[in-house]
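These notes concern the structure reproduced below.
The values are calculated or read from the model by the stated rules, or taken from the named source; none is laboratory data. Only a predicted model underlies this, so the values are computations on that prediction, with no experimental measurement involved. Cβ placement follows ideal geometry from the backbone for every residue including glycine, while neighbour counts extend to all protein chains displayed. Areas reflect the complete protein model, heavy atoms only, side chains present, ligands, DNA and RNA absent. Shrake-Rupley method; radii C 1.70, N 1.55, O 1.52, S 1.80 Å.
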Amino acid sequence: MSFTDLPSITALSGLSALSSSNNNNNNDSLVAIYSDLDSLSALGQLSAASTASVALARSVDKEFGSSVALVPCADISGGRLVLSPTGSLDNDTDDVRKLSDAVKAGVARAIQAGSSNPAVFFAFSLPDASTHGPDADYSRWIEVCTLAALDASYVTLVVREHRLATTTQQQKAVVEKLESIALVFSQTPDQAKIDQAIKRATAIERGRRLAVDMGYGDPERMTPYKCAEQIRQAIKGVAGITYDEIKDLEVIKNEYPLLYNSARASFSEKHTWPCVVKLEYRSPEPAKVKEHLYLVGKGVTYDTGGISLKVGGSMRGMSRDKLGACGVAGFALATAAMQEPSVNLSCILAFERNSIGPNSLLPDEVIVSRAGVRVLINDTDAEGRLVMTDPVAECRERIMAARKAGDTTPAAIYTAATLTGHVIRAYGWYGATVANGPARKGGYDRRLAQSGLAYGDPFENSIMRREDHAFVSPKTDLEDVYQSNAQASSQTDRGHQYPAAFIIKAAGLDKHSLSAGNGSAIPFVHVDIAGSAEDGIEPGLGLCGITGSPVATFAGAFWSS
């Protein structure tokens with residue numbers, strides 16, 4: 001069993017609805033989300049017995065209520081009242097993640113206590129837009145909170161498979177922590193708004209789960225071919241989306257020469273051969289399509305660094321180097337699940353294992369890209385930009401062919417990749433965008449940043465400068481572009497910006513800049529998720545948690561429904 005149904009989600013108005021005839025009354029815990037205990041008490045919706053239990057705990061613990069707490073309350077179904085504070089919501093750096101963190105922590109505590117059907121009570125007031133911080137956006141708070149509760153319920157694919165394989169027929173394997181989630185609003189909600197928010201959140205969660213299911217897979221569980229199969233199974237039966245794959249090495253050699261040569265050392269074992277997955281989504285309402293997105297994902301299922309071998313323990317965690325492709329696949333699935341009318345998608349996911357061996361790609365080689373650009377290889381550990389460049393060139397060709405055929409639908413290219421350590425050095429556990437001139441002028445990168453704020457996945461907008469292009473420009477007639485230098489990105493000035501300049505040149509996008517004019521200019525945004533794809537929290541000697549970024553951010557930026 002690879003995929004599970006999500007917990008059922010219902011919306012209720014007020015705590016009294018939990019015991020009404022309209023509710024199945026199967027809730028076995030109440031998780032109260034609040035900014036401070038005084039505001040929770042002021043709502044007056046907790047029963048007298050529950051209020052007394054809270055007051056007693058507060059009287060003997062001055063810190064009570066400042067962190068997640070479980071209070072036994074006999075008059076609450078299941079006897080569990082979980083208090084989970086958000087803290088302030090209107091300070092300088094507060095944003096919607098305060099709500100997400102509180103919901104996830106509160107629901108996780110309820111699960112820990114034995115709950116499988118929690119009711120989440122939103123007992124806080126959102127700050128007015130005129131009073132909260134300039135970088136806060138609470139407009140999608142219902143979706144964010146719903147996603148946080150679903151995240152707390154999630155069980156990874158590898159754990160689900162292990163439990164199913166080791167559980168006897170008489171036992172029931174736990175493949176989802178929750179059966180249902182009730183969302184309880186302190187004021188009468190706009191039901192249509194709530195229903196739409198839940199619909200969006202569940203579609204996003206379906207996509208996010210595909211991304212993290214693949215992401216958590218170890219290098220053998222998620223080889224290039226197994227990643228492809230996971231995607232194929234996930235979209236089976238979903239309307240509007242089609243799947244294609246390329247596994248023939250000769251075809252890959254001819255159409256994606258940079259990917260082919262980067263993957264050469266993996267050819268000795270067929271199960272680690274590269275493959276290219278193509279997903280196409282078409283709107284169910286063509287008249288409503290506002291743009292056609294071309295998305296390219298880096299899917300390096302394990303990165304040894306190749307002949308430029310990673311040393312000193314830096315290879316650890318490199319099974320996560322596929323998260324860009326995972327995120328793009330997840331967004332495509334989410335969009336199809338939503339039946340989003342405003343966009344068409346063309347996705348190219350380049351999967352490989354960057355192995356080391358006698359046939360490894362070598363520094364000093366010059367490889368000719370799909371666009372006919374001679375690339376001097378300086379570092380085989382800078383493979384991500386290689387595997388994405390030829391798919392970007394293909395996207396460029398398709399956009400220009402569509403325009404030539406009379407298609408006036410606005411189109412743009414996005415790459416998503418855990419590309420550099422430099423972006424983490426620069427911004428910590430945040431993603432970054434780097435856009436070309438047409439994308440900067442059109443605000444494409446700022447659009448992602450704004451959506452990230454609304455969904456609790458903030459992105460920084462880095463700006464490409466002339467130094468980035470100069471850095472990769474050739475100084476001899478032996479090559480047309482330098483792939484990289486021979487140092488780690490984290491030790492290189494502008495280490496996460498200049499790779500975008502390389503992709504632009506090697507893919508032939510330099511001919512589609514602002515100076516090309518409106519008919520030929522193509523917006524291009526590189527999205528480096530090396531920081532945002534993981535949560536930065538290492539559990540002991542284990543690996544960090546996976547976030548599913550940028551699935552929700554892309555949804556917020558590109559969906560209109």
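A few points about this structure:
- Counted residues, segment 463-495 - those being aliphatic (A, V, I, L, M) and in contact with a strand residue (DSSP E or B) (Cβ under 8 Å, 6 or more places away or on another chain): 5
- Given (1) open to solvent by less than 20 Å² (accessible area, probe 1.4 Å); (2) of a type outside the set (Ser, Thr, Tyr); (3) under 28 Å from Cys544 (Cα atoms); (4) in a helix (DSSP H, G or I), number of the condition Ala432 does not satisfy: (4)
- Where a residue in segment 223-248 is farther than 24 Å from Arg264 by Cα and its partner, wherever it lies, is modelled with pLDDT under 95 and open to solvent by less than 50 Å² (accessible area, probe 1.4 Å), with Cβ under 9 Å and at least six apart: Gln233/Ser2; Ala234/Ser2
- If you go through segment 49-94 and keep only what is of a type in the set (Lys, Arg) and either touching a strand residue (DSSP E or B) at 6+ places or on another chain (Cβ under 7 Å) or open to solvent by less than 60 Å² (accessible area, probe 1.4 Å) (or both), you end up with just Arg80.
- Apart from one condition, Pro189 fits all of (1) at pLDDT below 95; (2) closer than 24 Å to Gly330 by Cβ; (3) not charged (D, E, K, R); the exception is (2).
- Those residues of segment 491-502 which are buried (at least 24 other Cβ atoms within 10 Å of the Cβ) and out of contact with any helix residue (DSSP H, G or I) (no Cβ under 6 Å at 6 or more places or on another chain), in sequence order: Ala500
- Unique match (being at pLDDT below 95 and either surrounded by 17 or more Cβ atoms within 10 Å (Cβ to Cβ) or part of a loop (DSSP other than H, G, I, E, B) (or both)) among Ser319, Ser346, Ser314: Ser314
- Within the option set Arg221, Arg209, being in a helix (DSSP H, G or I), over 18 Å from Gly306 (Cα atoms) and either open to solvent by 10 Å² or more (accessible area, probe 1.4 Å) or hydrophobic (A, V, I, L, M, F, W, C) (or both) holds for one residue only, Arg209.
- The listed residue being at pLDDT 95 or above, open to solvent by less than 10 Å² (accessible area, probe 1.4 Å) and either farther than 28 Å from Val366 by Cα or in a helix (DSSP H, G or I) (or both), out of Gly324, Gly297: Gly324
- Residues of segment 474-490 that turn out to be farther than 22 Å from Ile529 by Cα and surrounded by 13 or more Cβ atoms within 10 Å (Cβ to Cβ), as a count: 5
- Per-region count, segment 439-470, residues part of a helix (DSSP H, G or I) and either within 14 Å of Ile377 (Cα to Cα) or open to solvent by less than 30 Å² (accessible area, probe 1.4 Å) (or both): 8
- When each of Ala192, Ala201 is tested for being without any contact (Cβ under 8 Å) to a residue 24 or more places away in the chain, among the hydrophobic types (A, V, I, L, M, F, W, C) and either within 26 Å of Arg316 (Cα to Cα) or assigned to a helix (DSSP H, G or I) (or both), the lone residue that passes is Ala192.
- Condition met for Arg398 (open to solvent by 10 Å² or more (accessible area, probe 1.4 Å), touching a helix residue (DSSP H, G or I) at 6+ places or on another chain (Cβ under 7 Å), touching a residue at least 12 places away in the same chain (Cβ under 8 Å) and not in a loop (DSSP other than H, G, I, E, B)): no
- Exactly one residue out of Ala405, Ala401, Ala336, Ala393 is at pLDDT 95 or above and under 27 Å from Ser462 (Cα atoms), and it is Ala393.
- Selection count where residues are over 35 Å from the mean Cα position of the chain (by Cα) and aliphatic (A, V, I, L, M), scope segment 50-99: 8
- Complete set of residues in segment 538-552 that are of a type in the set (Val, Ile, Thr) and open to solvent by less than 10 Å² (accessible area, probe 1.4 Å): Val551
- Yes/no for Asp379 being free of Cβ contacts under 8 Å to residues at least 60 places away in the same chain and of a type outside the set (Val, Ile, Thr): no
- Out of Asp5, Asp38, sole residue that is at pLDDT 75 or above, farther than 30 Å from Val159 by Cβ and not in a strand (DSSP E or B): Asp38
- Residues that are over 24 Å from the mean Cα position of the chain (by Cα) and in contact (Cβ under 8 Å) with a residue 60 or more places away in the chain were ranked within segment 503-512; the one that is most open to solvent (accessible area, probe 1.4 Å) is Lys505.
- Count - residues of segment 516-537 that are under 21 Å from the mean Cα position of the chain (by Cα) and within 30 Å of Ala402 (Cβ to Cβ): 6
- The residue that is least open to solvent (accessible area, probe 1.4 Å), counting only those in segment 224-244 that are outside any helix (DSSP H, G or I) and either among the small types (Gly, Ala, Ser) or at pLDDT below 95 (or both), is Gly240.
- Test result for Lys247, within 21 Å of the chain's Cα centre (by Cα), of a type in the set (Lys, Arg) and surrounded by fewer than 20 Cβ atoms within 10 Å (Cβ to Cβ): no
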